[in-house]
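One structure is given here, and the rest of the page talks about it.
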Amino acid sequence: MAFPLILVGAAALLLLKARSRRNGGTRSSGRQPSPLDVLPGIDWNGLDASTQRFAHQLAREAAEEGIPVVVTSGRRSASSQASAMLYKVGQGEDLSKLYRDKGQIAALMGAPRNVASWTAILASYAASGRPISRHMTSASFDIRTRNLDRDEIEDLFDIVSEMGGRAVIEADHLHVSPYR
Ligand SMILES: [Zn+2]
């Protein structure tokens with residue numbers, strides 16, 4: 001009677017180990033006093049409750065592999081979205097590769113490149129029900145990646161996908177949404 005139970009237990013253990021084995025199984029876990037680290041000064045409370053729950057669950061799963069989850073951006077107003085996008089342009093990033101609506105990006109890139117100009121455009125997109133980013137609809141957050149190696153970033157990407165969300169690897173962060 002005990003023999004099948006042992007087999008079931010062993011199978012469950014193998015499943016639990018599958019992910020850590022992918023990383024070589026050498027990571028310690030549980031070193032973070034709090035699984036989710038939210039930077040001060042960002043609009044975390046403005047995110048949907050379901051998005052916040054998703055972030056906490058992601059942090060718990062990542063912590064099991066010893067991967068810290070630091071949230072560097074939450075909900076964004078039109079002006080904070082404008083600032084974030086202008087920063088990317090300043091870093092030489094191609095916005096048309098990061099955002100789905102190429103027409104909106106073309107319009108922004110053709111407009112004066114300052115926060116006031118882009119804020120007005122981004123606010124008009126949001127008002128017409130076509131927000132350029134889920135940060136503006138309270139359904140996205142960013143995770144710092146400069147403290148992670150390539151495997152850890154890919155592991156986070158995989159965890160988000162397994163949870164049914166969508167992740168985009170950007171220059172210095174992972175952009176995460178709780179749904180696709
Ligand atoms: Zn983002």
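The values are calculated or read from the model by the stated rules, or taken from the named source; none is laboratory data. Predicted model, so just to flag it, every value in this text is computed and none were measured. Cβ atoms come from the backbone with ideal geometry, glycine included; neighbour counts cover every protein chain shown.
The single condition from (1) within 12 Å of the ligand (Cβ to nearest atom); (2) in contact (Cβ under 8 Å) with a residue 40 or more places away in the chain that residue 165 fails is (1). Restricting 15, 39 to residues that are surrounded by fewer than 18 Cβ atoms within 10 Å (Cβ to Cβ) and at pLDDT below 60 narrows the list to 15. Pairs meeting the criteria (first residue in segment 125-149 and in contact (Cβ under 8 Å) with a residue 24 or more places away in the chain and more than 21 Å from residue 105 (Cβ to Cβ), second residue assigned to a strand (DSSP E or B) and among the basic types (Lys, Arg), beta carbons under 6 Å, at least 6 apart or on different chains) are 138/75.
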